[in-house]
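Heads up, the thing below is written out as structure tokens.
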Amino acid sequence: MDIKAGDIVVKGACPHDCPDTCALHVTVRDGRAIRVAGDPDHPTTRGVLCTKVSRYTERTYHPDRVLTPLRRIGPKGSGRFEPVGWDEALDAIAARLQAIAARDPQRILPYSYCGTMGWVQGEGMASRFFHRLGASRLDRTICASAGMAGLEYTMGAAVGMDVERFVDSGLILIWGTNAITSNLHFWSIAQEAKRRGARLVAIDPYRSDTAMKCDRHVALLPGTDAALALGIANVLIGEDLLDHDYIARHTLGFDALRARAAEYPPERVARICGIAADDVTWLARALAGTRPAAIRVGYGLQRTRGGANAVRAVMSLPALTGAWRDAGGGALLSTSGHFPQDLAALTRPDLMPGWPGALPRVVNMVEIGDALLGADPPIEAVVVYNSNPVAVAPDSEKVIRGFAREDLFTVVLEHFLTDTADHADYVLPATTQLEHFDLHKTYGHRYLVANNPAIAPLGQARANSDIFRALAQRMGFDDPCFAETDEQVAAAALRWDDPRIAGVTLGQIREHGWLKLKVPDAPFAQGGFPTPSGKCELASPRLAQQGLDPVPDFLPPHESAASAPELAARYPLALISPPARNFLNSTFVNVDSLRASEKAPGCELHPEDAAARGIADGDQVRVFNDRGAFLARARVSERARRGVAVAWGVWWHKLAPGGRSVNAVTSQALTDMGRAPTFYDCLVEIAGAQE
Ligand SMILES: Nc1nc2c(c(=O)[nH]1)N[C@H]1C(S)=C(S)[C@@H](COP(=O)(O)OP(=O)(O)OC[C@H]3O[C@@H](n4cnc5c(=O)[nH]c(N)nc54)[C@H](O)[C@@H]3O)O[C@H]1N2
Ligand SMILES: Nc1nc2c(c(=O)[nH]1)N[C@H]1C(S)=C(S)[C@@H](COP(=O)(O)OP(=O)(O)OC[C@H]3O[C@@H](n4cnc5c(=O)[nH]c(N)nc54)[C@H](O)[C@@H]3O)O[C@H]1N2
Ligand code: SF4
Ligand SMILES: [Mo]
């Protein structure tokens, strides 16, 4: 699109829960955003956005945007509302929350996740509000907390390689991530590394688009990654492919890990993982024999019972081979721990009644279904922002029944009438990223990215921060933090004297658009891990203190033929439900052009599994277990391994045929550590279904 005189370009940040956190250039003409493009100068964005966010104006100006406050006039879930004024809505909400809080504020629950990853429109003002209120605390576990626990107990924090340095790597294991879909800008870097001679290897039960383009693909069974990593350690130790000097100086617990790895010879690993023993040996030799050798770890491998242990086992490998010595070596799951955040100043936990000793109860967002149906004391009100739990939380039938409770008071801050908003008593229209200010960290690179508002709020939309400020005022919360502007909230999120950002102001970041943290290219070349010991903890004293196994181990899935044979007899297929390329979790499902690209909810299965059930490619099928069922279009191909079915997430229930999507079958069972969901630990059966 040609730029005309008078057009302005505003620097922004992609708000989505995506490791790439792209720097945006938003072109505005006559007050209307006409184009959203990638900042050509930002070193990881490099002027390129994914298809979804290139269409961001289509989403922002979508005719279905909620642009006035709405009050429910139909039964819960019907999505029937009438417009009301802001004052009327906020007064009614404040009065209702106050009445509940007078009995017990813990009967109120915030429910939020990463609809936006910004500090200001995320947990800035909102957390202050719920802390001051004394509401139940939400355990925000739905995505990454198993992996975070794995990182914490091994590395000391969510720290790792600089994504830009993968360009130097000679070998890249792409482990549990479909980067072409979910980490596009890393994929570009990996492609550049490949042009320079690197080998790419995918470790994924499914031959994803990414795995198709790798030099080698190890298709292990879901939830068996810890066994594979321990098998690799077994070979590294058995063939003495170790960096003894690095191990001696910079690791803790090598002997304990050696003893554990001895239990995982390649032949046993091959049986557990459903792969060839040669794969294990080959991976170990490649990791030890290539410099630099890097592992891009994804979240796909931590969504089964043993998820945190799997991450611990994988993160141990670069310490054994000394890969951290090179900038292009080591591993990366998340960079979020590199940012000098000041969460206490941002979210003000000290405002909680009982601080710091007797804090309000915690409700795990993964278990929202059970919590709404049976928490004691009961949950009487839920305030949802930046999330769509009815679609994205596991075990939908229970979640839907919970949100359908007529005695539950539900407020949803949203852009659209999602499955969750349909269950609200009040829907409050929120601004999109083009309409508000924010500041972003990320989990995929090392830049802070600023988001300047490009256009005025549409209709009567208000920013989350502004909505919580208004509610705080009505509730009589007079701490000065509730009067802070968005810029002040953003400023509170960081420790500005930290050497990683020292000397820079928020104003400068806003103007330039982004700032790279000063973190060394090879942060652990000389050890210095942010653990209590300063070492990479192969065995964790902190886990031992808690009475837990200090050394990573393979924990079989909750649901598998080996661990639950009776269940597997009825539901023999392991279902995984990774992200769809054209959606961002459940966001964008209602953007027609993107939904058209995805066509229909799909479920891929191996030709033999399909034939055994009389299913042909393109058939409508029913995917079911004891928890529920959904309909999908069968895709029959050898990209799915035998025994594993793949359904892409996360369709809105109401836009899926039959009104149910994939989380109808997933379970609320949690991971080994981190209290995280086990979306990919889910046995099902599949049958042909009537059109
Ligand atoms: N287009 C798009 N991008 C997204 C998202 C989206 O919905 N759409 N979601 C965003 C969010 S919230 C997140 S958390 C990230 C997640 O992104 P990543 O962490 O990069 O992981 P995914 O792309 O989800 O990849 C999951 C991959 O893991 C595989 N997998 C499943 N089970 C296992 C297992 O047990 N072991 C191994 N080794 N692999 C397994 C799946 O087949 C799939 O290919 O992506 C973000 N980016
Ligand atoms: N089966 C299955 N289920 C999954 C997953 C899976 O792989 N398989 N992935 C899981 C993962 S990794 C995650 S992270 C979760 C994600 O789950 P959620 O965090 O709920 O993410 P979204 O589905 O993207 O929903 C975000 C909502 O926030 C809204 N929103 C965006 N910006 C704003 C704003 O500024 N203000 C307000 N008020 N609202 C805003 C959007 O319109 C959208 O409806 O889903 C999980 N669910
Ligand atoms: S969703 Fe990810 S790849 Fe797409 S624009 Fe946003 S940060 Fe970039
Ligand atoms: Mo996520």
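The values are calculated or read from the model by the stated rules, or taken from the named source; none is laboratory data. Keep in mind that this is a model prediction, so the values were computed, not measured. Note that each Cβ is placed from the backbone with ideal geometry, even for glycine, and that neighbours are counted across all protein chains shown. Areas reflect the complete protein model, heavy atoms only, side chains present, ligands, DNA and RNA absent. Shrake-Rupley method; radii C 1.70, N 1.55, O 1.52, S 1.80 Å.
Selection of segment 490-509 for residues being touching a strand residue (DSSP E or B) at 6+ places or on another chain (Cβ under 8 Å) and open to solvent by 60 Å² or more (accessible area, probe 1.4 Å) yields 495, 508. Checked against the criterion of being closer than 23 Å to residue 113 by Cβ and either touching a residue at least 12 places away in the same chain (Cβ under 8 Å) or in contact with an Asp or Glu (Cβ under 9 Å, 6 or more places away or on another chain) (or both), the candidates 43, 83, 75, 69 yield just one match: 69.
Taken as a whole, segment 114-121 holds no residue that is more than 19 Å from the chain's Cα centre (by Cα) and in the same structural domain as residue 352 (by TED's automatic domain parsing). Given the conditions (1) polar (S, T, N, Q); (2) away from ligand 4 (no atom under 16 Å from the Cβ); (3) in the same structural domain as residue 403 (by TED's automatic domain parsing); (4) in contact with a strand residue (DSSP E or B) (Cβ under 8 Å, 6 or more places away or on another chain), which single one is not true for residue 169? For residue 169, the exception is condition (3).
Here residue 469 fulfils each of the conditions (1) in contact with a Leu (Cβ under 9 Å, 6 or more places away or on another chain); (2) open to solvent by less than 70 Å² (accessible area, probe 1.4 Å); (3) charged (D, E, K, R) apart from (1).
Within segment 139-197, the residues that satisfy the criterion of being in contact (Cβ under 8 Å) with a residue 60 or more places away in the chain, away from ligand 2 (no atom under 15 Å from the Cβ), out of contact with any helix residue (DSSP H, G or I) (no Cβ under 6 Å at 6 or more places or on another chain) and in a loop (DSSP other than H, G, I, E, B) are 156, 160, 161, 162, 170.
Among the numbered conditions (1) farther than 30 Å from residue 195 by Cα; (2) open to solvent by 10 Å² or more (accessible area, probe 1.4 Å); (3) small (Gly, Ala, Ser); (4) within 14 Å of ligand 1 (Cβ to nearest atom), the only one that residue 146 does not meet is (2). Between 517, 458, the distinction of being surrounded by fewer than 22 Cβ atoms within 10 Å (Cβ to Cβ), closer than 29 Å to residue 426 by Cα and in contact (Cβ under 8 Å) with a residue 60 or more places away in the chain belongs to 458 only.
Looking across segment 13-38 at every residue that is among the β-branched types (Val, Ile, Thr) and more than 17 Å from residue 122 (Cβ to Cβ), the one that is nearest to ligand 1 (Cβ to nearest atom) is identified as 36. In segment 4-11, the count of residues that are open to solvent by less than 40 Å² (accessible area, probe 1.4 Å) and not assigned by TED's automatic domain parsing to the domain that holds residue 461 is one or more.
Going by what's in this entry, would residue 459 be described as part of a loop (DSSP other than H, G, I, E, B), over 20 Å from residue 96 (Cβ atoms) and within 16 Å of ligand 4 (Cβ to nearest atom)? Answer is no for this residue.
If you filter segment 18-40 down to residues that are outside any strand (DSSP E or B) and touching a residue at least 40 places away in the same chain (Cβ under 8 Å), you find that the one that is farthest from ligand 4 (Cβ to nearest atom) is 31.
Of the strands (runs of 3 or more DSSP E) lying entirely inside segment 525-627, those containing at least 2 residues that are more than 15 Å from ligand 1 (Cβ to nearest atom) and under 28 Å from the mean Cα position of the chain (by Cα) span 620-624. Would you confirm whether any residue within segment 659-678 is under 21 Å from residue 569 (Cβ atoms), at pLDDT 95 or above and within 16 Å of ligand 4 (Cβ to nearest atom)? The answer is yes; a qualifying residue exists. Residue 169 meets the conditions (1) open to solvent by less than 20 Å² (accessible area, probe 1.4 Å); (2) within 16 Å of ligand 3 (Cβ to nearest atom); (3) of a type in the set (S, T, N, Q) in every case but one. The failed one is (2). Scanning segment 434-448 for residues that are within 21 Å of the chain's Cα centre (by Cα) and either more than 16 Å from ligand 1 (Cβ to nearest atom) or more than 26 Å from residue 10 (Cα to Cα) (or both) yields 438, 439, 446, 447, 448. Checked against the criterion of being farther than 19 Å from residue 671 by Cα, assigned by TED's automatic domain parsing to the domain that holds residue 251 and within 26 Å of the chain's Cα centre (by Cα), the candidates 329, 307, 274 yield just one match: 329. Do the conditions hold for residue 327, that is, is it in contact with a strand residue (DSSP E or B) (Cβ under 6 Å, 6 or more places away or on another chain) and not in a helix (DSSP H, G or I)? So residue 327 fails the test.
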